[in-house]
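The values are calculated or read from the model by the stated rules, or taken from the named source; none is laboratory data. What you see is a predicted model; the values in this text were computed from it and never measured. In this analysis, Cβ positions are derived from the backbone assuming ideal geometry, glycine residues included, and neighbour counts consider all displayed protein chains.
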Amino acid sequence: MVKLLSLGGLLSLLCHALALPQSTEKLSLKEAVEIALQHNPEIVGARRGIDAARGRFWRGISPAPASISVGYDYIPTGSGIKGYGERYVAVSQSLDFPTTIVLRGSSLSSETDAAESNFLATSLSITMQAKLAYYAVLAKQQKLRLAEENLTVADDFALKAGIRLTVGEGTNLEHLTARVQRTQAQNAVKVARNELRLATSELNLALGRGNEQLGQELTLTDSLSHQSYALSLESLIEQAHQSNPQLQSARFRLSAASANRTIAWSSILPNFSISYSRQVQGNNPDLYGVSFGISLPIWFLLDQRGQIQEATAEHARVEAELTSKQNFLSLDVKNAYLEYTNDERQVQLYTTELLPQADEVYRAAALSYQAGEITYIEFLQARQTLISARSTYIDALYRVNAAIAQLEKAVGRTINE
């Protein structure tokens, strides 16, 4: 009896859970980007990178710690410390050469600017990831609807093929082919649903959500549409070289490396030290002392030479890195531009010609098949042509929007501004 009650309670809870509506979240493209920029872990790390660079700046321009010393001199042998002849309390401070302090501040300021540019670059990258994931979900939703429409048609014709076979108007081959097509359509729907779940999980991941939210169902309020832009490759490349934050970050790092190279050459200049002390000598407690010092770079063939060599090599490395980033940026812009122009042409071609033609062929084939003028295989070819055209059109829509998102990341701004 207890087991039966337990089983009944479990079934009741299961039925109650199944009866509860599964929560879904409405999400626009703009909202998706805003959520990603707030919660994506990469943006948090980039923001902390700015804080760390600012901390290094204040540390770098700070003077070395001052030192305080207490001394007892002229103590007779065998006497305690209280038998001193002279006592002093001294404060000393070492100072870098003034130009070194200025150059170090300039270098660290450039590093801070580079960190801020890295933050902007990360923001653009996350924006692109969120847009690509959003577009992917929209494309998978359209693919699922297309697969479900195809399954409805396949079910209908499988039923009709069975009836035609029964009344002697159809062949067994036609009936078997229709059944195979229905099974394939059913499998296509399952595959499309699974791909939609994966795309939704990837969108939730791009939004910075944890494992417990990766399966959150989303209702996207925007559509996978197409908008034409009058773009110039030369203008896009010029804008990218001016405003791309990764390139700006590389320029700031080159500026910092240049300052560090000058600092290395300045290492042969002396550092200064100053000391002030209060002294007590005998019965006279009102004495003081001041001392000044200067460092002598007598080991310039070793220490300073190594600093100069290291800083010069680092400057050359950062300069080469900047040139490489400029070249790759031009290539990225060009590839995204060519991808956009090609996919935009594909979308226009399918919208104005291929999709209307495929629809017309399918309608004509359906009427001819119902009239007995063509075989089921011929009708099937027309239907497959229509499905393929619609599927390819969805892919082209996704790619043209993805190309714009990639262009925006490379250029450093939205294209429609």
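Residue count for region 45-84 under the criterion of being surrounded by fewer than 14 Cβ atoms within 10 Å (Cβ to Cβ), touching a residue at least 12 places away in the same chain (Cβ under 8 Å) and assigned to a loop (DSSP other than H, G, I, E, B): the result is 4.
Restricting attention to region 234-268, the residues that are more than 24 Å from Glu408 (Cβ to Cβ) and out of contact with any helix residue (DSSP H, G or I) (no Cβ under 8 Å at 6 or more places or on another chain) add up to 0. Among the residues of region 354-379, those identified as β-branched (Val, Ile, Thr) and either assigned to a loop (DSSP other than H, G, I, E, B) or at pLDDT 85 or above (or both) are Val361, Ile374, Thr375. Scanning region 394-417 for residues that are within 11 Å of Met128 (Cα to Cα), polar (S, T, N, Q) and touching a residue at least 24 places away in the same chain (Cβ under 8 Å) gives Asn401, Gln406. Is it true that Glu149 is closer than 16 Å to Gly372 by Cα and either touching a Lys or Arg at 6+ places or on another chain (Cβ under 9 Å) or surrounded by fewer than 19 Cβ atoms within 10 Å (Cβ to Cβ) (or both)? For Glu149, the condition - closer than 16 Å to Gly372 by Cα and either touching a Lys or Arg at 6+ places or on another chain (Cβ under 9 Å) or surrounded by fewer than 19 Cβ atoms within 10 Å (Cβ to Cβ) (or both) - is not met.
Which residues, counting only those in region 156-206, are farther than 30 Å from Gly372 by Cα and either among the hydroxyl-bearing types (Ser, Thr, Tyr) or in contact with a Pro (Cβ under 8 Å, 6 or more places away or on another chain) (or both)?
Thr200, Ser201
So which of Ser275, Ser291, Ser249, Ser258 ends up being buried (at least 17 other Cβ atoms within 10 Å of the Cβ) and part of a strand (DSSP E or B)? That would be Ser275, the only listed residue that is buried (at least 17 other Cβ atoms within 10 Å of the Cβ) and part of a strand (DSSP E or B). For Ser275, the conditions (1) modelled with pLDDT under 85; (2) touching a Gly at 6+ places or on another chain (Cβ under 8 Å) are fulfilled apart from (1). Mind checking which residues of region 85-101 are surrounded by fewer than 16 Cβ atoms within 10 Å (Cβ to Cβ) and aliphatic (A, V, I, L, M)? Val89, Val91, Leu95 - these are the residues of region 85-101 that are surrounded by fewer than 16 Cβ atoms within 10 Å (Cβ to Cβ) and aliphatic (A, V, I, L, M).
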